[in-house]
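Everything on this sheet refers to the single structure shown next.
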Amino acid sequence: MNTLIEPRQRHNVIYRSDCLSKLSNLDSRSIDLIITSPPYADRRGNTYESISAKNYVEWFLPISKQLKRVLKPRGSFILNIKERSRNSERGTYVIELILEMRKQGWLWTEEYIWHKKNSFPGKWPNRFRDSWERCLHFTKQKKFKMYQKSVMVPMGKWADSRLKNLSDTDKSRDASRVMSGFGKNVSNWHGKDMVYPTNVLHMATQCQNVNHSAAFPVVLPEWFIKLFTKDEDVVLDPFMGSGTTAIAAIKLNRRYIGMEKNPLYQKYANKRISAFKKEMKEKPKSETGLKLPLTSS
């Protein structure tokens, strides 16, 4: 009879450590979801360690190797990252990283686009302002945990008129006129209030002051945590920063593990988490519908 063995590492903690050093101490196949935004190449060198685009892949591959080891077979890894434009040309280090991670055994399963609804305005001679970032989805195998119904969205008012009077064509699979193989059956939408979302996530950037120069909004990790985990699963962020991933995990009753080598960031993240837990306890259950995750183990 198989016995479930609990992992040795503590949960609901942010380790003040370089992630590569700490990852080697975590149990293999003990993490349900990894979501993180590491330092981008050649960016914000005055606020945290900046890795050159030339050396980025070499720097990250030992980390991704350890992440693959600690991730459960049916787990997912979401990597928020974006190339920058330099000398009038987009960099290629993210593409190079994807290819090298595939050689490590990762499957590049999907790419989600985070559309920043409130990106800063600006003017450049050869492009427009950046208003999106990559959220790369990697898995260890083709079959992985995914709870699609947890992120369904409202159908929208357009359906009231479009589905009111269905034609004969609407009631069967209508094949594409250009022979692409694509087809649709409009009647499948009839009577539904919720539908599956697209892979473009329309979310504002982090507007509140979180003492970090590159924080993403809580709703971003929250969306992926809903999609790829269930209650009390373990979420890992090896570049925890201001604690945003931990906040999202707490909101959804998941356990978290974080690493942050900058002592100021770690201190602020823990302070922010404590304040959030206090706020959650003070709010009535009817208002939040949430409960706090398990304490550290």
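Every number in this text was worked out from the coordinates using simple rules, so none of it is lab data. Quick caveat, the model's predicted, so the values are computed rather than measured. Here Cβ is always computed from backbone atoms with ideal geometry, including for glycine, and neighbour counts include all displayed protein chains.
If we count other beta carbons within 10 Å of each Cβ, what is the order of T244, T92, fewest first?
Listing T244, T92 from fewest to most nearby Cβ atoms yields T92, T244.
How do I98, I225, I14 line up, fewest other C-beta atoms within 10 Å first?
The most exposed by this proxy come first: I98, I14, I225.
Which ordering of K277, K251, K142 is given by a fewest-first count of other beta-carbon atoms within 10 Å?
Taking fewest neighbouring Cβ atoms as first place, the list is K142, K277, K251.
Residues with amide H under 5 Å of S17's amide H, sequence separation 5 or more or different chain, H placed in the peptide plane at 1.01 Å from N; which?
E260, K261
Once R0 is set to 41 Å, what does the formula 1/(1 + (r/R0)^6) return for the Cβ-Cβ distance between D231 and F128, expressed as a FRET efficiency to the nearest 0.05?
Efficiency for this residue pair is about 0.45.
Quote the FRET efficiency, to the nearest 0.05, computed for L107 versus E279 with a Förster distance R0 of 51 Å and r equal to the Cβ-Cβ distance.
0.85
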